[in-house]
Amino acid sequence: LVLPNKDYVPGIVHNESLRNLTYPMDWNALVEKVGGLPCILKDAHGGGWKEVYVVNNVPELIWHYNESGLLTMILQEYITWDNYARCMCLGQDEIYVMKYDPTKRKYHDEHDFSPELYARIVKDATSLCNAFGYDMNTVEFAIKDGVPYAIDFMNPAPDMDVNSLGKVHFDWMVTHMADMCIRMAKSKEATRDRYYWGKLGKGGK
C-alpha cells in the first residue's frame with residue numbers, strides 16, 4: 001500500500017496537485033488493509049534494509065512516517081515466515097533462487113525448497129521482472145506454510161559483492177552476467193525496446 005509523501009519538493013501546490021488525497025489519513029483503516037499489526041513501513045525505492053521498520057502500534061507508525069521526509073513509503077503486511085528466498089534475476093528470464101536468512105543477512109549455499117515451491121518462486125519472479133522490464137533485479141519471497149509472498153521486488157541494482165553472496169553464488173552471478181552482457185552487445189535489439197512502456201510510447205508497435 002503506497003502512502004502519500006510526508007513532504008514534497010518546492011513547487012508542489014498542495015491544494016491543486018494533491019487534491020485527490022484524503023487528509024488526515026485514517027491510519028487504523030490503512031493498517032487493517034494490510035492485515036493489522038504488526039506491519040512493515042519501508043521506503044519504496046530503498047535498499048540495504050535502510051528505512052525499513054516493523055511497527056507494532058499506530059503511534060509508532062505515525063512517528064516513522066513523519067520522519068520520512070521526501071521518501072515515498074509503503075505500508076506492507078508483516079509475514080511471519082518459516083522460510084525465505086532471494087532470487088537474482090538476469091535478462092528477465094534467468095532466475096537464480098537462493099535460500100536467505102534476512103535476520104542474519106546470510107545466504108545459504110543450498111536451498112531446501114520443494115520442486116513445487118521452487119517452480120512457483122521462479123514463475124512469480126519471472127512475471128514480476130517481465131512486468132517491470134528489469135534485466136537485472138532481485139526478488140525476495142517470505143515463505144509461510146509453503147506459500148511464497150513477494151515482499152521486495154524493485155532492486156535493479158542488486159548487491160553482487162562476493163562478501164555478501166559467498167563464492168558459490170558469486171561464481172554464478174559473474175558467469176551469467178557476463179554471458180548476458182555479451183549476448184546483448186551482439187544483439188541488434190535496443191534494451192529500451194524490451195520495456196513495455198517503450199512500446200506504448202510507439203503506439204503499441
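What follows draws every value from the coordinates through simple rules; no lab data is involved. These figures come from a predicted structure and were not determined experimentally. Glycine also receives a Cβ, built like all others from the backbone with ideal geometry; neighbour counts cover every protein chain displayed.
Below 18 Å, Cα to Cα, which aspartates and glutamates can LYS104 reach? Residues fewer than 8 away in the same chain don't count.
Output for LYS104: GLU51, ASP82, ASP112, GLU140, ASP152, ASP159, ASP161.
Can you give the angle from 0 to 90° between the axis of helix 167-186 and the longest principal axis of the chain, with both taken from C-alpha atoms, to the nearest 10?
80 degrees
Can you pull a Stokes-Einstein diffusion coefficient for the chain at 25 °C (0.890 mPa s), Rh from Kirkwood over Cα pairs, as a whole number of µm²/s?
Values: Rh = 19.2 Å.
Translational diffusion coefficient: 128 µm²/s.
So how far, in whole Å, is the C-alpha centre of the stretch 43-97 from the one of the stretch 100-134?
Between the Cα centres of the stretch 43-97 and the stretch 100-134 lies a distance of 16 Å.
Over the chain, what is the mean sequence separation of C-alpha contacts under 8 Å (at least six apart), divided by residue count, expressed as relative contact order in percent? Walk me through the numbers on the way to the answer.
On the way: 284 pairs, mean separation 34.1, N = 205.
Over the chain, the number comes to 17 percent.
Based on alpha-carbon atoms only, what is the radius of gyration of the stretch 83-194 relative to the globular estimate 2.2 N^0.38 Å? If you can, show how the numbers build up before the last one.
Numbers: Rg = 14.0 Å, N = 112, 2.2 N^0.38 = 13.2 Å.
Compared with the compact-globule rule of thumb, the stretch 83-194 sits at 1.06.
Would you please state the base-10 log of I(q)/I(0) at q = 0.17, 0.23, 0.27, 0.29 1/Å for the stretch 14-77, with intensities from the Debye formula using one equal scatterer on every alpha carbon?
Normalising to I(0) and taking log10 leaves -0.62, -1.04, -1.25, -1.32.
Hey, rough spin-label estimate for SER187 and THR22, points 7 angstrom out along Cα→Cβ, what's it come to in nanometres?
Here the modelled spin labels are 4.4 nm apart.
Amide H to amide H under 5 Å from TYR149: which residues, 5+ apart in sequence or cross-chain, H placed 1.01 Å off N in plane?
The list, which skips near neighbours in sequence, is ALA142, ILE143, LYS144.
Could you check the spin-label model distance between LYS104 and ALA131? Points 7 Å from the Cα along Cα→Cβ, value in nm.
About 3.2 nm separates the two model spin labels.
Starting from the Cα-Cα distance between PHE170 and TRP63, subtract it from 0.36 nm times their residue separation and give me the gain in nm to one decimal. It would help to have the intermediate numbers written out before the result.
Working: separation 107, 0.36 × 107 = 38.52 nm, distance 3.91 nm.
Gain on extension, PHE170 to TRP63, equals 34.6 nm.
Rounded to the nearest 20 Debye, what is the dipole magnitude of the stretch 14-77 about its Cα centre when Lys and Arg each give +1 and Asp and Glu each give -1 at the C-beta?
Working: 4 positive and 8 negative charges, 19 e Å.
My answer is approximately 100 debye.
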